[in-house]
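Data first, discussion second: the structure below is written as structure tokens.
Derivation of every value follows stated rules applied to the coordinates shown; laboratory data play no part. Everything numeric in this text was worked out from a predicted model, so none of it was measured. When we count neighbours, we look across all protein chains shown, and the Cβ atoms used for this are built from the backbone with ideal geometry, even at glycine.
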Amino acid sequence: MPITHRSLLARRWAGALLAVAVLASPLAATPAGVAVLRTAAWSPGDTVREGAGEFEVFVCAASLRRDHPTAGLVGVGDRHGMFLQGAERALRLLALKGVPVAKIARGGDFAADPDEIFLNASGLSEADAASLLKKCLERHGAPPAAANPARPTAVELAAIRAHLRPFRDAFAVASAPHLASR
């Protein structure tokens, strides 16, 4: 059967409509990747352990970023949510590179975070914190990254804080005590 002018025109329109429909529909989001890291036992003056902790944080983040477009970390720290110095430095650097870090403080208050780049996940289990961080990443995306994470500008820190505000709200609601209803 020969192709007529009308059928050729109809096919072109159908192709154009299909292209518009595909471009207009939201793409299936690749799920965010979240990993849980635990601090190493404290040992004063153990530089090998500090270096290993820093290396573990970077390897974990690189593995997540390889497999997922957005990645986040849940850190289970000591009684104030802190890690050994090397790992703490690595977590700060990653938080300034667009990888949100939620910290769980075991048996104590969450340590002060003057730059407000870490999320307080104390009061949540590791699994709950990871699940909530993943949901936040899928809903809001990764925070912006500082051009030079070693020296972020005030504007970059403000942008990171603003992006993390809905994350903080979600963590505050999830970790708040719930009243039983009758």
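Quick notes on this structure:
- For the range 95-135, dividing the convex hull volume of the Cα atoms by the residue count gives 64 Å³ per residue.
- Inter-probe distance in nm under a simple model that places probes 7 Å from Cα toward Cβ, at S125 and A52: 2.9
- Sorted peptide list for 70-76, 91-97, criterion being average Cβ within 10 angstrom, highest first: 70-76, 91-97
- Applied to the range 160-176, the Karplus parametrisation 6.51 cos²θ - 1.76 cosθ + 1.60 on θ = phi - 60° returns per-residue 3J(HN,Hα) values of 5, 4, 5, 5, 7, 4, x, 5, 4, 4, 5, 5, 5, 5, 5, 9, 5 Hz, with x for Gly and Pro.
- Unit Cα scatterers, Debye sum, the range 33-175: log10 I(q)/I(0) for q = 0.19, 0.22 Å⁻¹: -1.13, -1.51
- Other residues whose C-beta falls under 12 angstrom from the C-beta of P143 contribute a net charge of +2, scoring Lys and Arg +1 and Asp and Glu -1.
- Residues within the reach of a label modelled at E138 (point 7 angstrom out along Cα to beta-carbon, backbone nitrogen below 20 Å), restricted to the range 68-85, are 68-75.
- Selection from H140, F55, V101, by position along the positive dipole direction of the range 55-182 (Cβ): H140
- Going from the fewest other Cβ atoms within 10 Å to the most, the residues D113, D67 appear in the order D67, D113.
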